[in-house]
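Asker: Have a look at this one.
Just so it is clear, none of the values below were taken in a lab; they were calculated from the coordinates. Everything numeric in this text was worked out from a predicted model, so none of it was measured. In this analysis, Cβ positions are derived from the backbone assuming ideal geometry, glycine residues included, and neighbour counts consider all displayed protein chains.
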Amino acid sequence: MTEHNGYARTAPERAEVDALAGATVLEFGTDWCGYCQGAQRYIVEALGHAPQLRHLKIEDGPGRPLGRSFKVKLWPTLVFLRDGVEVARVVRPTDTRALEEGVAAALR
């Protein structure tokens, strides 16, 4: 589960994600996705105010079981978790508002 600027090609197992303690956001997308690239400034801004939030960028696509387990259909999809349970979801953000709401839900 390496975190870096690009999307990680290897994803954790769903059981690992479900067992994560605290606040986590899973960002599903691909490095070549125009929507993903366009949303990065909003994502960086919204998540930058919450350094305690674990951020995992995971490459998604056909046959990728983690994305399928979360029923991801469009990129980027950000799934906000608190102790492994989904508390918010933002699909294709076009500003920081919904992302900040997701961060707040994960940190409650």
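Asker: Could you list I58, I43 in order of exposure, starting from the residue whose Cβ has the fewest other Cβ atoms within 10 Å?
Answerer: Values: I58 24, I43 21.
In order of increasing Cβ crowding within 10 Å: I43, I58.
Asker: Something else now. If you bin the C-alpha pair distances of the range 14-107 every 10 Å from 0, what whole percents do you get?
Answerer: Going from the shortest bin to the longest, the percentages are 18, 54, 27, 1.
Asker: Can you pull out the GluC sites (Glu not before Pro) in the chain whose DSSP state is coil and whose Cβ has at most 15 other Cβ atoms within 10 Å?
Answerer: Details: sites: E3, E13, E16, E27, E45, E59, E86, E100, E101; in loops: E3, E13.
Within the chain, the qualifying GluC sites (Glu not before Pro) (loop, at most 15 other Cβ atoms within 10 Å) are E3, E13.
Asker: In whole Å, what is the distance between the alpha-carbon centres of the range 56-77 and the range 85-108?
Answerer: Spelled out, the Cα-based centre of one part sits 17 Å from the other.
Asker: Which trypsin sites (Lys or Arg not before Pro) in the range 16-80 sit in a loop by DSSP (not H, G, I, E or B) and have at most 14 other Cβ atoms within 10 Å of their own Cβ? Write out the running numbers ahead of the final one.
Answerer: Details: sites: R41, R54, K57, R68, K71, K73; in loops: K71, K73.
In loop regions of the range 16-80 (DSSP not H, G, I, E or B), the sparsely surrounded trypsin sites (Lys or Arg not before Pro) are K71, K73.
Asker: Mind sorting V72, V87, V44 by how few other Cβ atoms lie within 10 Å of their own Cβ, fewest first?
Answerer: Details: V72 22, V87 16, V44 13.
Sorted ascending by nearby Cβ count, the order is V44, V87, V72.
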